[in-house]
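The structure under discussion appears below in the form of C-alpha cells.
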Amino acid sequence: MNFSVVTSQFWALCLQGVALGLIYSLISLGYTMVYGVLRLINFANSEVFMVGTFSILFIQVSILRHPLNVEPIHGIQLIGALLLSLVGAMLVCALLAILVELVAYRRLRAHGTNRLASLISAIGTSIFLSESFRIFTHSRPQTSPRLLEKWTFGEIAGANFRIDTVMAIVASIAIFFALDQFVNRSRLGAAIRAVSMSEENSRLMGINLNRVVTLTFAIGGLTTGAAAFFYTTIYENTQFNVGFNLGIAAFTAAVLGGIGNLRGAFYGGLALGLLEQFASAILGSQWKAVTVFLVLVLVLLIKPSGIFGEAVQQTRT
Amino acid sequence: MINIRDKGAEVWDTWNRPKRVAFVLISIFVAGLLPFAANWGPTSFLNTPITSFQNVLVYPVGMFILMALGLNIVVGKSGLLDLGYVAFFAIGAYSQAILSTKFGMNTWEVLPIGIAIAMFSGVLLGLPALRLRGDYLAIITLGFGEIVRIIALNSKETGGPNGVAGIPNPPAVFGFKFDLMHPEHYFWLVLGMILLVVWMIRRFTVRRPGRAWEAIRQDEDVAALMGVNTLVYKLWSFVIGAAVGGAAGVLYASKVMVISPDMFKFDVSVLILACVVFGGIGNIWGVILGAGILAYLPDRIRFISDARQLIFGLVLIIMMNMRPDGLLPRKKREKISEKSSK
C-alpha cells in the first residue's frame, strides 16, 4: 500500500490513465458496436488489434523504409508518415474485421444457431491469428521505430504533457465525436440503431442486414486500428500476444460502461484506464487486474447493465 | 446433417435391459483397454509421437473429458456461460499441492477437502455473479479465473511464479500403484471418475434439478414464474460444476507433481469450453467425444509442432461452420422447444 504516490503524482496518473483509457475505449468499440447489433461477443477483436500494431510496424519499416534506430523525422515528412501509418492500420483492421465476420460469423448467423457456436468459431479465428503471428515473429517482441520525437509541451502540476500522449487523447476524442455524430445523425447510423433494436423489424423495413453487420464490424475495426496506432506510438513495441490483455481490458471497459452503448464504451474505457493507473500506483501493478475485476463486480451488482447501460435489466441470452 | 445421437437413441430404445447392461459393460471394458491401444497393431496409429500415449490419455484427454463434463453442467444444462472454469481446476490443484506438501496429507484425504474448497469458492463467486445474466456473467467468471491465477502468482503460500514442487503421488489402492511407471492406473482412476460424473449427471437430469436447469436454460423468466427458485438451482449447477473441476485439479496435481500458475491460464478455460461446444453442448456423449478429440489432437499432430495450435484454431472454425450444434448434438426435441421459446 502506498498512498503517498496518489498525492504526489495525482495529475500525472490522471493524464496517463486518460490516455490509456481512451485506447481501451477505442478497442472496446470493436466489442460494443458488434454486441449492439448482433448480441455476440466479438472475441477476435483483440487479435484485430494485434494485427493492427504489426501493420504499423510493417508500414513504417518495410514501406517507408525507416530502420529501427532511425533519427526522429520532422515536418511534413513526419506528418505524412504518421498519417500513413494511422490510416493504413485503420484500413487493415477494418478489412480484417470484415474478413473475421465473413469467416467466423456469417454462415453461423444464417443458420440462426446458438450463440456459443459463433463464440467458439471466433475463438478459433483468434487462436489462428495470434498463432500465425507467433510463428511469423518467432515469439519475439518487436520494437517499432521512433519516428516521433517525444518532446513535451510542458509540465503542469507534475503531469508531463508529452506529444504522443496529447496526440492520442485529442485524436481519440475526435474519433469518438465523429463516430457519435455518424451513428446518431446519418442514414447508415440510423440503420445500425434500427438493427440493434430489432433485427426482424429492421429487415421488414428494407434494411440490408448483412450490409449493416459488415459496417459495424468495419467501424469496430477502424477504431481498433486507430487504437493500435496510438498504442504503438506510445509504447513502441508489440508482440503476438499483445491483444490478449488489452482485449480483455477493453471488453471489461465495454461491460463497465454498458455493452452495446457507444458513449458507455467511452466512459467505461476512461474509468478503467484511471482505475488501472491508480490501482497499480497504490497496490502495485500485479494487483491491477484484481482491482479492476472487483470494481467491475461491484458496479454490475449495483447496476447490472453497466454504468451507462440500457434501463432494461436483462440482456438477451 | 445426420444426427447420430438421435439414431443411437432410437437403437437404444429398442433394446431390453440385459442388452443395455451388456453394452455398457463392454463399452467400459473397451475404454479400460485404451492405454494398450498404442501397442496393438490395428490401433497403433493412435500413438502420439512425443509424449507417451498412456500419459496423453490421462492428461490432457482424461482430465479434459472430466472438466468438460463438469463445465457441461454449467454451460450445457443450465445455459450459464462460464469463461473462468479453470479457476476451480486451479483451486483443486493448489489444495492438493499445499495440503500434501505442508500438512502431509495424501491424495485420498485431500480429494474431499479439495472438492469442498472448490464448491465453497463456487458459492462465493456464484452468489453475486449468478444474479447477472448472459455476457455479464461471462466476464465476471473470466475475471474470477484471472484473479485466482494472479493470487497464486503473487502470494508466498502458493510459491509465486515457481509454483509448488514435490507433490506426492497418490498412495497405492488394492495393489494399484500410482507412479510414473503406471500411467494406465491413473487412466483407470480418471475413467472411474468420469463414469461417476456421467452417472451423477444422468441422475440429476431426470430429476428435479435437471428439469429446473432445463427450464432455466430455455427461459429464465418463465422458469421463475413457474415457481423454480432460479438462483438456488443456478447456484447448484455452478457448485456441482466447480466440484468436478476441483476433483480434476486434485488428481492433476498429484499426477504431474509440480504445478505453477501458468498452467491455469485463460486458454484452459477457453479450451474446455471449446470441448463442450465442439462435441455438442448439453449432450454428455458429445462432450466426451469433443473433449477426447480436442485434447488428443494437438498431441497427435506434434510432428508439425510449431503449427499445431494454428491448425487447432482452423479446426475450430471449420467444424463450427459445418456443424454448429457440435459433433453429437443434443436431442432434437429439446432443440425445437428451444427455438420456439425465442
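The values are calculated or read from the model by the stated rules, or taken from the named source; none is laboratory data. Note that the coordinates shown come from a computational prediction; the quantities given were computed from them, not determined experimentally. Glycine gets a Cβ as well: all are built from the backbone with ideal geometry, and neighbour counts include every protein chain shown.
Here is how the numbers come out for the structure above:
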| quantity | calculated |
| --- | --- |
| Residue match in segment A:209-231 (condition: assigned to a helix (DSSP H, G or I), β-branched (Val, Ile, Thr) and touching a strand residue (DSSP E or B) at 6+ places or on another chain (Cβ under 7 Å)) | no |
| A:Ile248 of a type in the set (Val, Ile, Thr), assigned to a helix (DSSP H, G or I) and at pLDDT below 90 | yes |
| Selected residue (criterion: surrounded by the most Cβ atoms within 10 Å (Cβ to Cβ)) from residues of segment B:266-306 that are hydroxyl-bearing (Ser, Thr, Tyr) and under 17 Å from the mean Cα position of the chain (by Cα) | B:Ser269 |
| Single residue of segment B:122-133 satisfying the filter (in a helix (DSSP H, G or I) and surrounded by fewer than 19 Cβ atoms within 10 Å (Cβ to Cβ)) that is nearest to the other protein chains (Cβ to nearest Cβ) | B:Pro128 |
| Within segment B:43-59, considering residues that are part of a helix (DSSP H, G or I) and of a type outside the set (S, T, N, Q), the one modelled with the lowest pLDDT | B:Phe45 |
| Failed criterion for B:Ala253 (all others in (1) more than 18 Å from the chain's Cα centre (by Cα); (2) of a type in the set (A, V, I, L, M, F, W, C); (3) not in a loop (DSSP other than H, G, I, E, B) hold) | (1) |
| Complete set of residues in segment A:134-155 that are within 22 Å of the chain's Cα centre (by Cα) and part of a helix (DSSP H, G or I) | A:Arg134 |
| Where A:Phe244 falls short, out of the listed (1) away from every other protein chain (no Cβ under 12 Å); (2) in contact (Cβ under 8 Å) with a residue 12 or more places away in the chain; (3) closer than 28 Å to A:Leu91 by Cα | (1) |
| Filter pass, A:Gly243 being at pLDDT 95 or above and either surrounded by 17 or more Cβ atoms within 10 Å (Cβ to Cβ) or within 30 Å of B:Gln309 (Cα to Cα) (or both) | no |
| Those residues of segment A:1-21 which are surrounded by 24 or more Cβ atoms within 10 Å (Cβ to Cβ) and among the hydrophobic types (A, V, I, L, M, F, W, C), in sequence order | A:Leu20 |
| Residue match in segment A:136-152 (condition: of a type in the set (Val, Ile, Thr) and within 14 Å of chain B (Cβ to nearest Cβ)) | yes |
| Some residue of segment B:233-250 being within 13 Å of chain A (Cβ to nearest Cβ), more than 25 Å from B:Gly163 (Cβ to Cβ) and not acidic (Asp, Glu) | yes |
| Filter result (free of Cβ contacts under 8 Å to residues at least 40 places away in the same chain and either farther than 20 Å from A:Leu26 by Cβ or under 16 Å from the mean Cα position of the chain (by Cα) (or both)) within segment A:156-177 | A:Val170, A:Ala174, A:Phe177 |
| Considering residues of segment B:146-157 that are assigned to a helix (DSSP H, G or I) and under 19 Å from B:Ile98 (Cα atoms) only, the residue farthest from the other protein chains (Cβ to nearest Cβ) | B:Ala152 |
| Some residue of segment B:32-51 being more than 25 Å from the chain's Cα centre (by Cα) and aliphatic (A, V, I, L, M) | no |
| In segment B:60-98, the residues that are aromatic (Phe, Trp, Tyr) and in a loop (DSSP other than H, G, I, E, B) | B:Tyr85 |
| Any helices (runs of 4 or more DSSP H) falling wholly within segment B:161-233 and containing at least 3 residues that are of a type in the set (D, E, K, R) and surrounded by 15 or more Cβ atoms within 10 Å (Cβ to Cβ) | B:208-218 |
| Near pairs, Cβ below 7 angstrom, 6+ apart or cross-chain, from segment B:264-276 (more than 12 Å from B:Asn72 (Cα to Cα)) to any residue that is outside any helix (DSSP H, G or I) | B:Ser269/B:Leu83; B:Ser269/B:Gly84; B:Ser269/B:Tyr85 |
| Verdict on A:Ala157 being of a type in the set (Gly, Ala, Ser) and exposed (fewer than 11 other Cβ atoms within 10 Å of the Cβ) | yes |
| Evaluation of A:Thr113 against (1) in contact with an Asp or Glu (Cβ under 7 Å, 6 or more places away or on another chain); (2) within 14 Å of another protein chain (Cβ to nearest Cβ); (3) modelled with pLDDT of 85 or more (one fails), failing number | (3) |
| Residue match in segment B:256-265 (condition: closer than 20 Å to A:Thr125 by Cα and either over 14 Å from the mean Cα position of the chain (by Cα) or of a type in the set (Val, Ile, Thr) (or both)) | yes |
